[in-house]
């Protein structure tokens, strides 16, 4: 009896990309993907002035572990430099749809051809906090085992590509959350290590690393946190993929009219 309590999580990770789990996950995603974060789809064009799309890339790393592929935004960029995100960008007029946008941007940023990616589904359109832009998340699986260090990334857009295992993301020890004074809670994922070979990385002032090596001859192990829209999308995908393993609830903070505090508060 004791072994049956341990075996299901292991099997869940091993079978997470199986056809059976794929069909179940897609059904769960499509059930909750009407409109913009719950708004009717017919309001999309009235609310949002621009469209964008991101690929949420499922993959298997060289160890055989199911993972998500993330990127660090280039330090050359003027906005959100060094932040974790999924590959993606603003839609071009030539793009047939949001899937085409996500695939084109992924190839431009990471040189992963679209024929290497199996599209599973699209998620609900997500409005960005800083502009009237609707982001369509596209869930897809990279077909072959992936070594992110072997990718030829576009350094004008991407500083680094890296994978984090689904098992790591499902571990409560790696969770945090942000609560806003208006009562909205959002997930954070922590203890994410990004390895930079010697000479590859120059630490910006806004970021920290767990091994603050000043010499360019030393490797850097950068400790990063996942938050914001990318964390929300990660949370939604994990809920759909691993409902029996990823048992996470995002709590809402109790708001008060007397609350005059800062817009957000991170809890570790």
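The values are calculated or read from the model by the stated rules, or taken from the named source; none is laboratory data. All values reported here derive from a predicted model rather than from experimental measurement. Neighbour counts are summed over all protein chains in view; Cβ atoms, including those assigned to glycine, are modelled from backbone coordinates with ideal geometry.
Here residue 258 fulfils each of the conditions (1) modelled with pLDDT of 75 or more; (2) assigned to a loop (DSSP other than H, G, I, E, B); (3) surrounded by fewer than 13 Cβ atoms within 10 Å (Cβ to Cβ) apart from (1). When 5, 34 are checked against the criterion of being in a loop (DSSP other than H, G, I, E, B) and either closer than 16 Å to residue 122 by Cβ or at pLDDT below 95 (or both), 34 stands alone in meeting it.
If the condition is being in a loop (DSSP other than H, G, I, E, B) and surrounded by fewer than 18 Cβ atoms within 10 Å (Cβ to Cβ), then segment 84-99 contributes 92, 93, 94, 95, 96, 97.
Residue 179 satisfies every condition listed in (1) modelled with pLDDT of 90 or more; (2) in a strand (DSSP E or B) except (1).
Kindly indicate the residue of segment 202-222 that is crowded, with 16+ Cβ neighbours inside 10 Å and outside any loop (DSSP other than H, G, I, E, B) and also modelled with the lowest pLDDT among those meeting that condition. Among those that are crowded, with 16+ Cβ neighbours inside 10 Å and outside any loop (DSSP other than H, G, I, E, B), it is 220.
State all residues of segment 52-83 that are farther than 12 Å from residue 136 by Cα, out of contact with any helix residue (DSSP H, G or I) (no Cβ under 6 Å at 6 or more places or on another chain) and part of a strand (DSSP E or B); if no residue qualifies, say none. Matches in segment 52-83: 57, 58, 59, 60, 61, 67, 68, 69, 70, 71, 72, 73.
Taking (1) modelled with pLDDT under 95; (2) part of a helix (DSSP H, G or I) in turn, residue 108 satisfies each apart from (1).
Do you know which residues across segment 101-114 are in contact (Cβ under 8 Å) with a residue 12 or more places away in the chain and either on the phi < 0 side of the Ramachandran plot or surrounded by 23 or more Cβ atoms within 10 Å (Cβ to Cβ) (or both)? 101, 102, 103, 104, 105, 106, 108, 109, 110, 112 - these are the residues of segment 101-114 that are in contact (Cβ under 8 Å) with a residue 12 or more places away in the chain and either on the phi < 0 side of the Ramachandran plot or surrounded by 23 or more Cβ atoms within 10 Å (Cβ to Cβ) (or both).
Hey, any hits in segment 169-178 for a residue that's within 28 Å of residue 63 (Cα to Cα) and buried (at least 21 other Cβ atoms within 10 Å of the Cβ)?
Yes.
Here's the yes/no breakdown for (1) touching a residue at least 40 places away in the same chain (Cβ under 8 Å); (2) surrounded by 17 or more Cβ atoms within 10 Å (Cβ to Cβ); (3) within 22 Å of residue 72 (Cβ to Cβ):
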position: 119; (1), (2), (3): no, no, no
position: 124; (1), (2), (3): yes, yes, no
position: 142; (1), (2), (3): yes, yes, yes
position: 154; (1), (2), (3): yes, no, yes
position: 158; (1), (2), (3): yes, yes, yes
position: 161; (1), (2), (3): yes, yes, yes
position: 166; (1), (2), (3): yes, yes, yes
position: 189; (1), (2), (3): yes, yes, yes
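In the set (1) in a strand (DSSP E or B); (2) over 16 Å from residue 57 (Cβ atoms), residue 163 fails one condition alone, (2).
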